[in-house]
Amino acid sequence: MTNLSSHQLMNIHSIYPATEGEGVHLGMPQVFVRFQGCAVGCVNCDSMETWDFHAGQKFLANEILTKIISYGVSRISITGGDPLHPKHVPAVLELIRAIRASGNFFINIEAAGTRVVKEVFDLVDYISYDYKTPSTQVKTSVDLLISMVLAYPEKYQIKSVIQDRKDFDDVVSAREKVVQQIPNHSLNWVLTPAYGTNENFPRERFIAIQDWNYSSGGHFRFIGQQHKWIYGPKEMLV
Ligand code: SF4
């Protein structure tokens, strides 16, 4: 097993294999490692059970690694909660180094869009970076977003959950600000229609967002959350 320089306990919500249900890696089998603890506070969060930093289970990096290897899948998504919260970053770095030392894995990090954590981003294969829309009541700094795009042009997607027209218009406006500052970048920006845990499948919302995307120039990739269609919006660990 891997030689670790430190052996810190990591606060984990869950570790499970599942087919990626959203974003540009839709359909790829992955192992999800969800850190327990998030202070971002999106009002429409669909995994509030990951917020409490005192909940979860404690694991060492090599215990997580053993679980990952047992699933026989070479893609890993480190998510949460908020794996980039300063309380988690030392553990996330240790885990990534342990994974790297153990074999050839593709590692994605789910970033809440509130921080660019260079030491983590440098080590992973892919960054899924949220641009938070008004319906979340959390703000993503456009300047921070630009710094991420400029530093990691080959390995990122921006993801935005769209609840309504206000969210869509906000994303269009944020994109225009980014394009003004870095006009030569072709942005990899995904719109995810909101699908709340207490909703029936919001077909009208899906269609409306596709139409808005067309009529505003078609700059965004439109991808729903496949796992919610398959299992229903409340199902966890899928
Ligand atoms: S960052 Fe993720 S886990 Fe945290 S509140 Fe927002 S949606 Fe929920």
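Descriptive notes on the structure:
- Within the chain: Cβ-based charge dipole about Cα centre, in debye rounded to nearest 20 (Lys, Arg +1; Asp, Glu -1): 220 debye
- Near Gly27: Cβ cut-off under 12 Å, other residues only, Lys/Arg at +1 and Asp/Glu at -1. The net charge is -1.
- Leading residue at positive end of dipole, the chain (Cβ point charges), from Gly103, Thr136, Val73: Gly103
- Cβ-based net charge around Asp211, under 14 Å, with every Lys or Arg adding one and every Asp or Glu removing one: 0
- Computed over the chain with a Gaussian network model linking Cα atoms closer than 10 Å, the most mobile of Tyr156, Tyr71, Tyr16 is Tyr71.
- Whether the chain is rounded, prolate or oblate, judged on the alpha carbon gyration tensor where a/c under 1.5 counts as rounded: prolate
- For the chain, DSSP calls about 30 percent of its internal beta bridges antiparallel.
- Taking amide H as placed 1.01 Å from N in the peptide plane, Arg75 has its amide H under 5 Å from the amide H of Val31, Phe106, each at least 5 places away in sequence or on another chain.
- Farthest toward the positive end of the dipole of the chain, out of Pro29, Thr114, Ala194, is the Cα of Pro29, where the dipole comes from beta carbon charges about the Cα centre.
- For the residue pairs Lys87/Lys155; Lys159/Lys228; Lys132/Lys177, the alpha carbons lie more than 23 Å apart in Lys87/Lys155.
The numbers here are math on the coordinates, done by the rules we state, and not lab data. What you see is a predicted model, and the numbers here were worked out from it, not measured in a lab. Methodologically, a virtual Cβ is constructed for each residue, glycine included, from the backbone with ideal geometry; neighbour enumeration extends over all protein chains shown.
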